[in-house]
Amino acid sequence: METTRDLDPLETREWLDALTSVLEFEGPERTHFLLDELVIEARRKGTPVPYSANTPYLNTIPPDREARHPGDRAIEQRIRSLIRWNALAIVLRANKESSELGGHIASFQSAATLYDIGFGHFWRAPSAHHGGDLIYIQGHSSPGIYARAFLEGRLTEEQLLNFRQEVDGNGLSSYPHPWLMPEFWQFPTVSMGLGPLMAIYQARFLKYLHHRGLADTEDRKVWAFTGDGEMDEPESLGALSLAGRERLDNLIFVINCNLQRLDGPVRGNGKIIQELEALFRGAGWNVIKVIWGRRWDPLIAQDTSGILLKRMEECVDGEYQDFKSKNGAYVREHFFGKDPALKAMVASMSDEQIWSLNRGGHDPTKVFAAYAAAVKHEGQPTVILAKTVKGYGMGEAGEGQNITHQQKKMGEAVLKEFRDRFSLPISDDQLKEVAFLRFADDSPEMEYLRARRAALGGSLPARRRRSVSLEVPPLSAFEAQLKGTEGRKISTTMALVRILNMLLRDKKNGTRIVPIVPDESRTFGMEGMFRQFGIFSQIGQLYQPEDAKQLMYYKEDKTGQILQEGINEPGAMASWIAAATSYSTSDTPMIPFYLFYSIFGFQRVGDLAWAAGDVRSRGFLIGGTAGRTTLNGEGLQHEDGHSHLISATIPNCISYDPTFSYELAVIIQDGLRRMYEKQEDVYYYITVMNENYEHPAMPDGVEDAIIKGMYRFKQGQAGSKEAPRVQLLGSGTILREVIAAADLLVNDFGVVADVWSVPSFTELRREAIEVERWNTLHPTETPRKSHVETCLGEREGPVIAATDYMRLMADQIRAWVPRRYRVLGTDGFGRSDYRKKLRHFFEVDRHWVTVAALKALADEGTIQASVVADAIKKYGLDPEKPNPAKV
Ligand SMILES: Cc1ncc(C[n+]2csc(CCOP(=O)(O)OP(=O)(O)O)c2C)c(N)n1
Ligand SMILES: [Mg+2]
């Protein structure tokens, strides 16, 4: 259908005049209403009116509706200019000798005003009157944040000089890392996409705390800064609809649309601002575009014919970028010069004036107006799409150029231009050495800076390291798990759910437990919790659930305790991180338990799990239905035999693969004690399984050894003194095969076996490395012994280990096993079958453990090799069986 050609301009004029008059006399709401009615009527009559989520390529807030910037703009500009200078000085000086250390200049220069207006007027630090706003700062803009902290007197010159030099302490981390600067940085954002995702769930978790009456978060905002390139990440976009659906009006995204990412333009052939506008509007967000600075206002006001807007809309980002890498004359020629009438509009302007037509994101008045509108907006999250220039002020060294992202050098001539452009008080000598600049302590600038932050409650960013210590339940509270199941068969998953139920009912801390599930509650047998504790929903439940008449119906509730995240592991993980850091962000320790299919844990959200360590999360991750052969019917993509290897890569993640419910109880109680009573910055990964078996009572005095990772489960009873001996190790469900193998060994071959339960090979290895390191550095002192050496040193016979994980799991302790060590594991892709068949296939069942033990004894010369051959025959093992790791 022809829609662009105007067949009757007179008629068009009449309609437009009518619109103008309504707008003038009855206001924008009425105009909006009438337009909506017209579109609905046209559609009802069968006219196709295509959906467009875009508004014109203009600022969302027209000049006459802008909230006025209340500050002293001249002083603010001087402060901002000094911050700009110090930010680039940090990077230039770090790279003076060589470029080995790296750093970024161009990104912060494009974002300086966006941060400055926030710090100066909006972002409240925690104080007696306010819980504090939470700011997710773009990772590689860190030099600008350090530069401000330096001006405020929070960082020393020495620290700035140690940017990216952290080994000797007192240095500044390259990016926001709470692990490395625990009193400064709050959120690890530099892995693109994680900041936006975590910010959304943070905002929702603040609502959760508030609705459940755990903390007053009513007036707190979450601000997330991201680049326009960063919005390419699926993680950046993936939770937008959740934010819209949950009406997170405590959330503000600021997207710095400098039109460039690392290699070049973000959308050279299109317009990133328009693309993002449509996406965010579609997801239910309030969108505020800040495209043009105030120097454009008169031109836009003159544009009654729409030729300027037409040009603005047809121009693509690649061209906009190109203009800002050139000069005023070039912009006159190539932007305005396209149309004689347009060129005439700027005929009286000099090239300099054309060059100074500023972009919205560089205009403090426009940015202020956008922020003021955003914080007032109710019922929706807000995104501010601010157009800027990458490398703003860098001139020939990189302004608007494709190379600018990685530019770490600026020559003297360019620095002089920078100085003049921002009217910086820098002598030629200072310029040569790229000196850091400060205002005199009693200067109006310093007074202004201090007064602004004082009015907003103190300096930011700042991180709370500790909160209140909780009184955690003693081990005796877990009595039901410690005494064994007395004949009943249950899974460790069921034991875990029982523990969770007990903790949820705990009078002191029950309300702090946050069960989190990604649409998997029924898989773990947690559906009973729905009715009792409720699923959190800000709206409550607008419908009667289908199963309302049942005891355990599906209950959504405003004060619900469970976070049911849908089929969304990254979102659930982001929720868990928000809860696990609530001690820091809200001074309200929470105890999250996130349960997931273990294979969809670390390998699915590995980068978030790493960030969780960095941000000093405290909480429990529960890898459900774990074990390559234990989750038997779900095949290759579900059967996990390696999550413990990934969790072991995270230095402050403590992992366990328990077999019995008392082990689980001891581990969880100790975790509660370490994380919530002692406030250690660690988190737990525990695997639980869905195989039902009987659980014995806890043997006496094994608690400490369970926590260390290994204890003697059963002492082998020798019929005679000469009987050969072996040490059998196992974890998880496979420990039960190991226990059975001990019986086969003694009954079929007269070999005596001691059985060890090893809930954590990972913790054993960590401790052994520490002991070994101490011994190396203290060679003349009495050597210390690792727990592995202590356990196995005084025993006899070769050592055999089997788990439901890859061999590397048990191999972790090889260096400290004092004798011959054979390891069995489930290397290779999983597949579906009965557990019994799978354990034979992967060669981890009782027969294979027995054969491995006999072979080790034969290799030692304790028994004849023919005994091993007899066993292979006896148990029907095929010597030509293909290697399961390869098929
Ligand atoms: C997951 C991930 N991939 C790649 C990078 C490397 N990286 C850092 S900044 C950057 C470009 C960012 O562009 P944009 O988001 O537009 O930010 P700008 O610097 O333009 O403000 C890239 C690719 C990263 N930090 N994280
Ligand atoms: Mg960018």
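Brief remarks on what is shown
- Each peptide in 268-280, 20-32 gets a packing score, the mean of other Cβ atoms within 10 Å over its residues, and the list from highest to lowest is 268-280, 20-32.
- Distance histogram for the stretch 466-554 (every C-alpha pair counted, 10 angstrom bins, percent rounded to whole numbers): 13, 38, 33, 13, 2
- Across the accessible surface of the stretch 167-317, with the other protein chains kept in place and a 1.4 Å probe, carbon and sulfur atoms take up 49 percent.
- Just the protein heavy atoms count here, and of the accessible area of the stretch 655-714 at 1.4 Å, carbon and sulfur take up 41 percent.
- Close amide-amide hydrogen proximity is noted between SER174 and ARG164, each under 5 Å apart and 5 or more residues distant or on a separate chain (H modeled in the peptide plane; Pro and chain starts excluded).
- Rounded to the nearest 20, the size of the Cβ-charge dipole of the chain about its Cα centre is 1220 debye, with Lys and Arg at +1 and Asp and Glu at -1.
- Per DSSP, loop trypsin sites (Lys or Arg not before Pro) in the stretch 51-98 with at most 14 further Cβ within 10 Å: ARG68, LYS96
- Phi-derived couplings, Karplus 6.51 cos²θ - 1.76 cosθ + 1.60 at θ = phi - 60°, listed residue by residue for the stretch 240-257: 4, 5, 4, 4, x, 4, 8, 6, 7, 7, 9, 10, 10, 9, 10, 9, 7, 8 Hz, with x used for Gly and Pro.
- Cleavage-rule hits (GluC sites (Glu not before Pro)) in the stretch 182-242: DSSP loop, at most 14 neighbouring Cβ within 10 angstrom: GLU183, GLU218
- Three semi-axes of the equivalent ellipsoid, the stretch 123-266, Cα gyration tensor, whole Å, largest first: 27, 22, 12
- Three-way shape label, the stretch 546-607, alpha-carbon gyration tensor, a/c 1.5: oblate
- Each residue of the stretch 730-735 is assigned a 3J(HN,Hα), and the resulting list reads x, 9, x, 5, 6, 4 Hz, derived from the Karplus form 6.51 cos²θ - 1.76 cosθ + 1.60 (θ = phi - 60°), x at Gly and Pro.
- The stretch 683-836 shape via C-alpha gyration tensor axes, a/c threshold 1.5: oblate
- Share antiparallel - DSSP beta bridges, the chain, percent rounded to 5: 10 percent
- Here is the size of the stretch 164-244 from its Cα atoms: Rg then Dmax, 15.3, 45 Å.
- Mean projected area (nm²) of the alpha-carbon convex hull when the stretch 274-338 is viewed from all directions: 5.4 nm²
- Rounded to the nearest 10 degrees, the inclination of helix 142-151 to the longest alpha-carbon principal axis of the chain is 70 degrees.
- Dividing the helix sum by the residues of the chain, where each DSSP H run of 4 or more adds -39500 (n - 2.57), gives a mean residue ellipticity at 222 nm of -11500 deg cm²/dmol.
- Rule-of-thumb Rg ratio for the chain [Cα; 2.2 N^0.38 Å; N residues]: 1.12
- Estimated D of the stretch 642-711 in µm² per second, where Rh is the Kirkwood radius over Cα pairs and Stokes-Einstein applies at 4 °C, 1.567 mPa s: 99 µm²/s
- For the stretch 20-37, 3J(HN,Hα) per residue [Karplus equation, 6.51 cos²θ - 1.76 cosθ + 1.60, θ = phi - 60°, Hz, x = Gly/Pro]: 4, 5, 4, 4, 5, 9, 10, x, x, 4, 5, 4, 4, 4, 4, 5, 4, 4
- Solvent-accessible heavy-atom area per residue, rounded to whole Å², over the stretch 657-714 at 1.4 Å: 30 Å²
- Between the stretch 306-368 and the stretch 774-803, the alpha-carbon center distance in angstrom: 73 Å
- The stretch 1-105 - percent of accessible surface contributed by carbon and sulfur, probe 1.4 Å: 56 percent
- Peptides ranked, highest mean first, by Cβ atoms within 10 Å: ranges 809-818, 568-577: 568-577, 809-818
- Counting lysine pairs in the stretch 330-463 whose alpha carbons fall under 28 angstrom apart, excluding pairs fewer than 8 residues apart on the same chain, gives 21.
- For the stretch 676-750, the spherically averaged projection of the C-alpha convex hull amounts to 7.4 nm².
- Relative contact order, whole percent, for the stretch 668-755 stands at 27, derived from Cα pairs under 8 Å and 6 or more residues apart.
- Nearest-ten-degree value, helix 492-504 long axis tilted from longest Cα axis of the chain: 60 degrees
- Kirkwood Rh in Å, taken over all unlike Cα pairs in the stretch 758-887: 16.5 Å
- Amide H contacts under 5 Å for ARG463: PHE184, restricted to partners 5 or more places along the chain or on a different chain, H placed in the peptide plane at 1.01 Å from N.
- About its Cα centre, the dipole of the stretch 244-353 is roughly 140 debye, where the only charges are +1 on Lys and Arg Cβ and -1 on Asp and Glu Cβ.
- Among the GluC sites (Glu not before Pro) within the stretch 793-883, those in coil by DSSP and having at most 16 neighbouring Cβ atoms inside 10 Å are GLU794, GLU796, GLU860, GLU880.
- Length-normalised contact order for the chain - Cα pairs under 8 Å, 6+ apart - percent: 11 percent
- A 1.4 Å probe run over the protein chains yields, for the stretch 383-460, 45 Å² of accessible area per residue, whole-number rounding.
The values are calculated or read from the model by the stated rules, or taken from the named source; none is laboratory data. Here the structure is a predicted model, which means the values were calculated and not measured. Please note: Cβ atoms are built from the backbone with ideal geometry, for glycine as well, and neighbour counts cover all protein chains shown. In case anyone asks, the SASA skips ligands and DNA or RNA and just uses the protein heavy atoms, side chains included. Shrake-Rupley method; radii C 1.70, N 1.55, O 1.52, S 1.80 Å.
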